[in-house]
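Trainee: Just dropping this structure here.
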Amino acid sequence: MSTLSSGRRNVLPGFNISLGFTLLYLGLIVLIPLSAAFIKTWGMGWEGFWAVVSTPRVVASYKLTFGTSLMAASINAVFGLLVAWVLVRYDFWGRRIIDALVDLPFALPTAVAGIALTAIYAGNGWIGQFFEPYGIKIAFTPLGILVALTFIGLPFVVRTVQPVLEDLEKELEEAAASLGANRLQTFRHVILPAIGPALVTGFALAFARAVGEYGSVIFIAGNVPMVSEITPLLIITKLEQYDYVGATAIAVSMLVVSFTLLLIINLLQGWAKKRQEA
Amino acid sequence: MSTTLSIHNTPAAKAPSSTTEPWLVRALLIGIALAFLTLFLFVPLVAVFFEALKKGFGPYWAALAEPDAISAIKLTLITAAIAVPLNLVFGVSAAWAIAKFQFRGKQFLITLIDLPFSVSPVIAGLIYVLIFGAQGWFGSYLSDNDIKIIFAVPGIVLATIFVTFPFVARELIPLMEAQGSDEEEAARVLGANGFQIFWKVTLPNIKWGLLYGVILCNARAMGEFGAVSVVSGHIRGLTNTLPLHVEILYNEYAFTAAFATASLLALLALVTLGLKSLVEWRTHKRINEELPPENPQP
Amino acid sequence: MSIAVKNIGKKFGTFTALDNISLDFPQGELVALLGPSGCGKTTLLRVIAGLESPDQGQVLFDGEDASRQDVRERQVGFVFQHYALFRHMTVFDNVAFGLRVKPRKERPSESEIKRKVHELLNLVQLDWLADRYPSQLSGGQRQRIALARALAVEPKVLLLDEPFGALDAKVRKELRRWLRRLHDDLHITSIFVTHDQEEALEVADRVVLMNKGHVEQIGTPAEVYSQPATQFVYGFLGSANIFHGRIQDGGLAVGEHTLPLDEHTLQADTDAVAYARPHDLEIVRLNGDTTEGIPTKVLRILAIGTLVRVELENPGSNVPIEAELTRDQYQELKLLEGEAVVVRTKNVRLFPKIDYLANRVSV
């Protein structure tokens, strides 16, 4: 057996080959290609990198991307919690089907979501027509981006909160009630602290997904530079202009944010797990 | 979609329960949740099929029977047929190493496997352009030997593998860790070789989790847009997958055709959700079977 | 087949699970590895099976070094603590597994497998469950199927890891007796791990007592119970009263009082610990001319069953002294709760004082 194996389960075969293949495949598909982006940026030096990522157009795209992502994740935190609550706690007709359909944004290709949302939130669309008379445009404005990002982030909060809510001991609530708490107090002081870590994790997952999202947004966004141009689109624009260095610099800035988010999410999940086990 | 609802267990004259809300509050919460889901989920889904069939079945079929559409379907199927099995083999192999053995850096390896999920699809495409593109690391070598990866099928497959990379592995790792190695060890003591252990003991125990991962992996592989868009070059009839075909039609204002193609993908999504629910139901049932009421009768 | 282990050592990180262990397991015996959790008994069993590789030492089967042999080549039957039945296979397929994975040349025919499996299922008296799945069985049934599965490959050695650990008290007792009978029929060299002293003393031919990675004592159940070799064994097997004192002429000085002692080898004026079983204590009424024994008070009398348990105040500790009387003795004494009495020892076991016992109960 390999020196890596500490011997606990070493009677089973295949450690070297399975770990070897895993590392090889991981390296070839993920790590080496990702490192290409960093190596390319390294060549431009700090000043060159900063010059690209600090231009007004790029900064405007950051503000738009992170701002709408944050708002979408917040909307999802509130409504995702509500949906999870309703699905776990109440029994109503069609509950199981709705439960299954919550995952639709995971399964539906983003391009399909993009054109469908555009069609219904456009000024003459099924929903957009109700807002048009009041001068509110949804599609082709930052508001449209918010709609798309809310759509794709929806399952994250529901699916992280739901299992915790299901496992929540009924006795805790009964104890709170027996001590004289009303439902709202019980929710605030007993239920919310218990599902808090899961809720924050779901929020972070939805946010991370929204920041990188491309397919569903570009159809509904309008893509006007400085106004409704998200960062991933800007990368593509640079690529189409054969500005590989510029595209890569922006990509690296986003990768750094993504990896930081991944780290935070890992820590959050560790925290949530500990809380649940305690 | 209908949002009519009826609430069971309506307390009539009983004392209010201490662990649920009054009838009115419940109805209100269900109402708000359903309204939200309707606005963001159900209406878009219905809209896809409505727009696709708005002009009747004739134009619908015509849009799907078009040569470019057929070739997009083919390319999508080919891409998934390569990407899914590769990630399946990877997922099983990674889960075997991680769940059955102890080694240092295991947690870090799990994080690395999850990495593609946190990378924007656009960047996933970009990194392959940096390596295989005309100005990339192997650009001159590839063009000298007349090998095309970027703006060709291999690039599309690679980008798809990247974005679907973690699906099977992340499904199997927690499952196999939870199941432990007792049964494999028992098989070993009884004389089974590695191949027999895997086929006769491990695989039957993980088959539903495996299927679950494959279903999700396949849905994403067939539906990926951003990453594929960067490396495809949008050559009609050659390097367009179904999602890219939707985009081209849409940008040409061929809305009915765009939605007709999109409806295929929406159907795929619904089938995915159906299968997923089925597997969840199966495994849930199995979990319940694992824990029978203990009534020892030796 | 006889088994021997020589100088086996095994560490997990900084934790020493097995510390230079050497043991012999003669052909045909049923031996119990007994000890508290974490004493290394399961690790030793897994090392013998080949499921764990030791850092040092050898495992000998019939005198031949098997250390290099893979678990598949050792021909051991192993019964896992939580049975490890294949949950997707029927009881029949579980038992047949070991036969079906044999290399084609050695593999019996399907009809031969069928005959053999049913024979084994009959042996464990569960033939009627052949088509069930493990999840549909009770704990005791799973245990016996696991045993049948292990026996199917005709092992030379049978190793059982806490075979009754997951069962409730009543089932345990029945299965214990059943295992003993089975062993008497098959006479296959068997080792089982347990933390339950009653189980070990009742079932095994010999008991190996383990603590903190080393062997404390080996012997027949009667030997280890009546002649404990170490303080650990004394304390682990059965209940014991512990008296801390100093060796002096005529006995052990405990506080201001003296306990009489038989012959012993300890030096005078050294600290010592005396162990006495509850039935080795004697209770007498206060009497002017008695100087031996420890004056105390009756706290509680539990007169249930054939023996009467008396709890007495312990002047040096809040753990009461425990004495056992026969009904006759009890009736003769006519003890009352709260009464002042003197406790004496009829039979004690002396050990030199070791510091790690300092925090144990003392008088």
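Trainee: Under 6 Å between Cβ atoms, at least 6 apart or on separate chains: pull out the pairs that start in region A:1-22 with a residue that is at pLDDT below 90 and end on any residue that is open to solvent by less than 10 Å² (accessible area, probe 1.4 Å) and in a loop (DSSP other than H, G, I, E, B).
Mentor: A:Ser5/B:Phe101; A:Arg9/B:Phe101; A:Arg9/B:Ser181; A:Val11/C:Leu51; A:Val11/C:Val71
Trainee: Turning to a different aspect of this structure: Before we move on, is C:Val171 at negative phi, open to solvent by less than 20 Å² (accessible area, probe 1.4 Å) and either at pLDDT 90 or above or in contact with a Cys (Cβ under 6 Å, 6 or more places away or on another chain) (or both)? Steps first, please.
Mentor: Working: at negative phi: yes; open to solvent by less than 20 Å² (accessible area, probe 1.4 Å): yes; either at pLDDT 90 or above or in contact with a Cys (Cβ under 6 Å, 6 or more places away or on another chain) (or both): no.
So C:Val171 fails the test.
Trainee: Restricting to region A:222-265, give me the number of residues that are more than 10 Å from chain B (Cβ to nearest Cβ) and either among the aromatic types (Phe, Trp, Tyr) or not in a helix (DSSP H, G or I) (or both).
Mentor: Number satisfying all stated conditions: 10.
Trainee: List every residue pair whose Cβ atoms lie under 7 Å apart, where the two residues are 6 or more positions apart in sequence or sit on different chains, the first residue falls within region B:134-152 and is away from chain A (no Cβ under 14 Å), and the second residue, located anywhere, is open to solvent by less than 80 Å² (accessible area, probe 1.4 Å) and modelled with pLDDT of 85 or more.
Mentor: From residues that are away from chain A (no Cβ under 14 Å), the pairs are B:Leu142/B:Phe132; B:Leu142/B:Ile149; B:Ala152/B:Thr239.
Trainee: Can you confirm whether C:Gly50 is of a type in the set (Gly, Ala, Ser), modelled with pLDDT of 90 or more and in contact with a strand residue (DSSP E or B) (Cβ under 9 Å, 6 or more places away or on another chain)?
Mentor: Here the answer is no, as C:Gly50 does not meet what is asked.
Trainee: Would you be able to say whether some residue in region B:93-103 is part of a loop (DSSP other than H, G, I, E, B) and open to solvent by less than 60 Å² (accessible area, probe 1.4 Å)? If you could, list the steps in order and put the result at the bottom.
Mentor: Step one: list which residues in region B:93-103 are part of a loop (DSSP other than H, G, I, E, B), which gives B:101-103.
Imposing the further condition that a residue be open to solvent by less than 60 Å² (accessible area, probe 1.4 Å) reduces the set to B:101, B:103.
Looking through region B:93-103, at least one residue is part of a loop (DSSP other than H, G, I, E, B) and open to solvent by less than 60 Å² (accessible area, probe 1.4 Å).
Trainee: Could you list, in sequence order, the residues of region A:182-198 that are open to solvent by less than 30 Å² (accessible area, probe 1.4 Å) and either among the hydrophobic types (A, V, I, L, M, F, W, C) or closer than 24 Å to A:Leu70 by Cα (or both)?
Mentor: A:Ile191, A:Ile195, A:Gly196, A:Pro197, A:Ala198
Trainee: Let me ask something else. Is there any pair linking a residue in region A:221-250 that is on the phi > 0 side of the Ramachandran plot to one that is open to solvent by 50 Å² or more (accessible area, probe 1.4 Å) and in a helix (DSSP H, G or I), with Cβ under 8 Å and at least six apart or on different chains, and which?
Mentor: That search, which allows pairs on different chains as well, returns A:Met226/A:Pro56; A:Met226/A:Arg57.
Trainee: Mind listing whichever residues of region B:183-215 are in contact with an Asp or Glu (Cβ under 8 Å, 6 or more places away or on another chain) and more than 7 Å from chain C (Cβ to nearest Cβ)?
Mentor: B:Ile197, B:Thr202, B:Gly209, B:Leu210, B:Tyr212, B:Gly213
Trainee: Which of the residues belonging to region C:100-153 are at the interface with chain B (Cβ under 10 Å from one of its Cβ atoms), open to solvent by less than 10 Å² (accessible area, probe 1.4 Å) and more than 33 Å from the chain's Cα centre (by Cα)?
Mentor: C:Val101 - this is the single residue of region C:100-153 that is at the interface with chain B (Cβ under 10 Å from one of its Cβ atoms), open to solvent by less than 10 Å² (accessible area, probe 1.4 Å) and more than 33 Å from the chain's Cα centre (by Cα).
Trainee: Restricting attention to region B:170-182, report how many residues are within 13 Å of chain C (Cβ to nearest Cβ) and over 15 Å from B:Thr283 (Cα atoms).
Mentor: 3
Trainee: What's the number of the only condition in (1) at pLDDT below 90; (2) open to solvent by less than 10 Å² (accessible area, probe 1.4 Å); (3) out of contact with any helix residue (DSSP H, G or I) (no Cβ under 6 Å at 6 or more places or on another chain) that C:Gln81 fails to meet?
Mentor: (2)
Trainee: Another question, then. For region B:42-65, enumerate the residues that are of a type outside the set (A, V, I, L, M, F, W, C) and open to solvent by 60 Å² or more (accessible area, probe 1.4 Å).
Mentor: B:Lys54, B:Lys55
Trainee: Determine the pairs where a residue that is away from chain B (no Cβ under 11 Å), located within region A:174-190, has a partner that is aliphatic (A, V, I, L, M) and open to solvent by less than 50 Å² (accessible area, probe 1.4 Å) with Cβ atoms under 8 Å apart, the partner being 6 or more residues away or on another chain.
Mentor: Within 8 Å, the pairs are A:Gln185/A:Ala176; A:His189/A:Ala176; A:His189/A:Ala181.
Trainee: Being at the interface with chain A (Cβ under 10 Å from one of its Cβ atoms), within 20 Å of B:Thr272 (Cβ to Cβ) and polar (S, T, N, Q), is that true of even one residue in region B:223-243?
Mentor: Yes, region B:223-243 contains at least one residue that is at the interface with chain A (Cβ under 10 Å from one of its Cβ atoms), within 20 Å of B:Thr272 (Cβ to Cβ) and polar (S, T, N, Q).
Trainee: How about region B:268-298: which of its residues are open to solvent by less than 90 Å² (accessible area, probe 1.4 Å), more than 14 Å from the chain's Cα centre (by Cα) and modelled with pLDDT of 85 or more?
Mentor: Residue satisfying the conditions is B:Glu280 alone.
Trainee: Need the failing condition index for A:Pro193 against (1) within 23 Å of A:Leu267 (Cβ to Cβ); (2) in contact (Cβ under 8 Å) with a residue 40 or more places away in the chain, just the number.
Mentor: Condition not satisfied by A:Pro193: (2).
Trainee: Quickly run through region A:49-75 and pick out the residues that are without any contact (Cβ under 8 Å) to a residue 40 or more places away in the chain and within 14 Å of chain B (Cβ to nearest Cβ).
Mentor: Result: no residue meets the conditions.
Trainee: Anything in region A:76-115 that is facing chain B (nearest Cβ under 8 Å), part of a helix (DSSP H, G or I), more than 19 Å from A:Asp167 (Cα to Cα) and open to solvent by 10 Å² or more (accessible area, probe 1.4 Å)? List them, or say none.
Mentor: Scanning region A:76-115 gives A:Phe79, A:Ile98, A:Ala100, A:Leu101, A:Phe106, A:Thr110.
The values are calculated or read from the model by the stated rules, or taken from the named source; none is laboratory data. Given the structure is predicted, the values throughout are model-derived calculations rather than measurements. In this analysis, Cβ positions are derived from the backbone assuming ideal geometry, glycine residues included, and neighbour counts consider all displayed protein chains. What goes into the accessible areas is simple: the full protein's heavy atoms, side chains included, and nothing from ligands, DNA or RNA. Shrake-Rupley method; radii C 1.70, N 1.55, O 1.52, S 1.80 Å.
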